[in-house]
Amino acid sequence: MRYPARSLPIPVALLVAMTAMVSTARAQLQIGRAGGGQQDRQIVAQFDADKDGRLNTAEREAARQALGTSGAGRGRGFGNRPPPSPGVRLTSSDVKHYADAPLYDAATLRTFFIEFENAGWEAELVAFNNTDVDVPATVTVDGRVYRDVGVHFRGNSSFGVGDGYKRSLNLAFDFVHDDQAIGGYRTLNFLNANTDPTLMRTVLSMHIARQYIAAPKANFVRVVINGENWGVYANAQQFNKEFIADNFGTTKGTRWKISQGGRAGGGFAYRGDDVSRYNGVFQIKSKEDPKAWAALIDLVRTLDATPVESLEAALASRLDVDAYLRFLALDNAMVSGDAFFQRGSDYSLYRHPDGRFHFVFHDANEMFSTGAVELSPLVAQNDTTKPIIAKVLAVPALRAKYLDFIREIAEKSLDWNAVRPIVSQYRELIADDVARDTRKLFSTDEFVRTTADDPAYGTLRSFFERRRAFLLRWLAENSADVVRQ
C-alpha cells in the first residue's frame, strides 16, 4: 500500500533515533554490498522514522550517512570523455505537446520535465543506486503536472558512465499516489543508450521483436531535469502488470527478473528442489507464490530428467514452446551483446495462469552487435549450463522449428529494404536533439555515421545486410544435415 506524503518536520526525538540507527545500519549495508547480487539493498524500512512507506529529505540524509558517502564521485569514471557541459535551458512553452498521442507512439518525441527539490539530485540518486530508495520529483508532461513521482537510477553497466553523463532512469508515478499513471502506465524506464552510438538499438530491436512475441514497447523521449535539457532517451516499457495486460489479457500470473549477475543460473540448470537454490537468480517481481516456485522448479527438473524423445510432449503444458523458440531465434538473429544464449541471464520470465512460461527481453541496448554477424544459429546447442537451450534444441522437431523462425526473421526483419525507412524515421525524429545534447555518451558524428544508409562497417545497414546474408547462407548449407541429426 502507498501512503500520502507528509510535509510536517520530523520531531527531534525521531532525528536522534535515526542518528542512532546509522552505525548499525552501516554495517548491515556493507554486508548487503558484499553479497554480489543485483537485488536492491533494503534501506527504506531501516530509516522510515515516520512510517509513511518512503524516505523524506531528513530520512534520506540519515540513510546516506549510513551508506558512508554523499554520492558524489560514485560513477566509475569518464573514460576518454571530457567532463560534460550543461545542456540548454528548456521550458514547457519551448516544446511541442502531444496530449492525444499514445505514450509509446513511434512518431512522437515527447518531453518529460523532471524537477527535483534538491539541486544535488544526481549525487543523491548515485548514493541510493541499487537500493529500494526513490527520490521524489515533480514531473510535467504535455502541460500536465504529476507530483511525488519516485525516481532512481537503473541498470548495471549503464550506471558506470560517470557523473554528469546521462544515466538510465526509472520513474514510478504511483510512488505516493496509488492511482497516478501516465497514459495508463505507472512506471517508465528512460534508457541512456550505453554502448549504442546509434541510440536506436532498444527501440528498433523491440519493434522487430513485437512482430513475433510479447516484447516491451519502446520509443524516444526528451528529458529535461531541473530546467536543463539532458537529451534523448529510449522509453522502454516496464515488465509489470501493465505489460502483462497489454500482451496476455490478464494481470494475473507470476513475474521474475533474471539479472546480469545470475552466473548462467537462469539457464535452468537443475540444483535440487530447494527454492533457496533458485531465488537468488530468479528474482520474483510479483507476489510470493509457493505454487509458482514449485512450477519453476518442475520445469527445471523436466528439462533435466526427461529423455529427448519425450521432452516435446512434457514441455507442452509447462512452456509456450513456439513463443520461446521465437525468443531464442530473435536473441540469436539480432545478436545481442547481453545475449541469453551466452549469459543465460538478463531477461524476464512470466508464468501465465494457464501454467506455461514465457520469456521476455529485458535489456536491448547491445542488440545488432556488428562484430558477431557470423554467429552460428546453434551456438549454444551443446552448452550444458543452459538446459533451456541445449535440451530444447536436442529435440529434432523443435530444432527444425527454431531454424524455421531464424529463416523467417532473416528474410523479413533483417531485410534492410524493410528496415531502412524505420531507421530513417527515427533518425529524422531525434537528429536535432542528438546534435545539441551535451551529456550523451557518443559524439554526434558517431550517431550520424552509424545510422547512415551506408554499408560501411559499423553502421546499422552493415549489420542487417551482413547478418541476413550469413544466416540465409548458413541455413542453405546446414539445415538439412542439422534436422537429420
Residue list for region 432-447, restricted to those being part of a helix (DSSP H, G or I) and surrounded by 16 or more Cβ atoms within 10 Å (Cβ to Cβ): 433, 434, 446, 447
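If we only count strands (runs of 3 or more DSSP E) wholly inside region 206-308, which ones have 1 or more residues that are in the same structural domain as residue 173 (by TED's automatic domain parsing) and over 19 Å from the mean Cα position of the chain (by Cα)?
218-225, 228-237
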Any hit, region 382-403, residues being surrounded by 19 or more Cβ atoms within 10 Å (Cβ to Cβ), of a type in the set (Gly, Ala, Ser) and either outside the structural domain of residue 474 (by TED's automatic domain parsing) or in contact with a helix residue (DSSP H, G or I) (Cβ under 8 Å, 6 or more places away or on another chain) (or both): no
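Within the group 141, 88, 126, which residue is farther than 26 Å from residue 363 by Cβ and β-branched (Val, Ile, Thr)? Don't jump to the end; show me each part of the working.
Details: 141 fails: farther than 26 Å from residue 363 by Cβ; 126 fails: farther than 26 Å from residue 363 by Cβ.
The unique qualifying residue is 88.
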Selection count where residues are within 17 Å of residue 125 (Cβ to Cβ), part of a loop (DSSP other than H, G, I, E, B) and free of Cβ contacts under 8 Å to residues at least 24 places away in the same chain, scope region 45-62: 0
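A quick yes/no check of all residues on (1) at pLDDT below 95; (2) outside any loop (DSSP other than H, G, I, E, B); (3) β-branched (Val, Ile, Thr):
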site	(1), (2), (3)
72	yes, no, no
77	yes, no, no
86	no, no, no
98	no, no, no
105	no, no, no
108	no, no, yes
112	no, yes, no
Any hit, region 451-468, residues being assigned to a helix (DSSP H, G or I), surrounded by fewer than 16 Cβ atoms within 10 Å (Cβ to Cβ) and modelled with pLDDT of 95 or more: no
Count of residues meeting criterion [in a loop (DSSP other than H, G, I, E, B), modelled with pLDDT of 95 or more, among the small types (Gly, Ala, Ser) and within 27 Å of the chain's Cα centre (by Cα)] in region 365-407: 1
Pairs with Cβ under 9 Å, 6+ apart, first in region 253-267 and under 12 Å from residue 346 (Cβ atoms) and surrounded by fewer than 19 Cβ atoms within 10 Å (Cβ to Cβ), second of a type in the set (Lys, Arg) and modelled with pLDDT of 55 or more: 260/343; 263/343; 264/343; 264/386
Among (1) modelled with pLDDT of 95 or more; (2) of a type outside the set (A, V, I, L, M, F, W, C); (3) out of contact with any Leu (no Cβ under 8 Å at 6 or more places or on another chain) - the single one residue 356 does not satisfy: (3)
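The values are calculated or read from the model by the stated rules, or taken from the named source; none is laboratory data. Bear in mind the structure is a predicted one, so any value in this text is a computation, not a measurement. Glycine gets a Cβ as well: all are built from the backbone with ideal geometry, and neighbour counts include every protein chain shown.
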